[in-house]
Amino acid sequence: RSRQCGILVSLGIIKQPYYRPSSVQTSTIDNSEDENSSRRSRRNVLKLGSAGLLAGLAGCTGGENTSSSETVTAAFVYDDVAKGVSFINSHEEARKEVEQRYDWLETQQSYEVEVEDSEAIFRRYAQEGVDIVFGNGFGYQDPMATLSQEFTDVRWENCAGFRTNENLGLFYTNQEEARYVLGKAAAMLMDDGESLGYIGSFPIALTKRNINALTLGARSVDPEATTIPQFVNTWYDPPKEQQATESLAESAAGSVFQVTDSAAPPQTANELGIFGTGMWGSMNDEGGENYLSGVVCNWTPHYDRKLNQVRDGEWESEFVYGGFE
């Protein structure tokens, strides 16, 4: 329990929020059934266990609570509130877990910070003397890049952007690998002639590369597999995500994937009788009997490693892109 190093990724039954590989039980699908068996019988196989993909960012995590007179202060800035199974909540759960580990760590949070207001919030934290700022939003990268040049005594880390400098680090998950596996699974289970549906937030690189990976995974099973994208131009809007799911189903999508936050897609997919998937955490409860699998992101190892680096005076700017390896 003293140290956990590297990436935790598995296709299997999730036993607890964060776990060692040894605690994962992999579920298997019996391939002996006739190819013409109904989709319903294939779904029955999935009921044996809800499969999930757990990805933790690279690094080592210290497991012992240590005492020190030196305090590390960390600020976490979010563009939304921590609700349900979502991008923000996945970070909040990691923040809480790391804060509970160390009595030398103090954290502060700001929620629902719009991009146009973020520079003032970041500046306030820097002026107050926090040791490190985590800006968890794609749109935060420009103000963070500017302020990291001005406040060089503060460490800066942006999640989901693409800009770095000597005082600004970048971290994100390599979801393409998980999407490839999900595309493969969907192609194995969908009926002939059905496409994969994908609900994208915005037509940006991190969305497009996930669509590509999903399609490549499906084509490793069915060379003719196609993916239909629907962009909703928001990270969270349940009515829009529901409407997009319905539209994809009408376009002969046999499964629906997403990079948005709400559980509306898997819930709607279940009601429509097609496969649904989750994002950031397990949405198995909402997806019901038609829930295929999903991507579960564990940010705790990254926060743990970076905060310990700050305390030890060893922090440096990195581009961390945690995947299967």
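The values are calculated or read from the model by the stated rules, or taken from the named source; none is laboratory data. Nothing here was measured: the structure is a model prediction, and the numbers come from that model. Positions of Cβ are backbone-derived with ideal geometry, glycine not excepted, and every protein chain shown enters the neighbour counts. For accessibility, only protein heavy atoms count, side chains too; no ligands or nucleic acids. Shrake-Rupley method; radii C 1.70, N 1.55, O 1.52, S 1.80 Å.
Electrostatic tally near Phe324: other residues with Cβ closer than 14 Å to its Cβ, Lys and Arg +1, Asp and Glu -1, net -1.
Using C-alpha pairs below 8 Å separated by at least 6 residues, the relative contact order for region 229-296 is 25 percent. Under the simplified labelling scheme, the Glu106-Glu119 pair shows an inter-label distance of 2.9 nm, with each label point 7 Å from Cα along Cα→Cβ. Taking a ≥ b ≥ c as the square roots of the eigenvalues of the alpha-carbon gyration tensor, region 257-325 is classed prolate because a/c is 1.5 or more and a/b outweighs b/c. Inter-part distance, region 133-185 to region 245-282, computed on C-alpha centroids, equals 27 Å. Going by accessible surface with a 1.4 Å probe and the largest first, Asp153, Asp304, Asp237 read Asp153, Asp237, Asp304.
Each Lys or Arg adds one and each Asp or Glu subtracts one; over the other residues with Cβ under 12 Å from the Cβ of Ala253, this totals -4.
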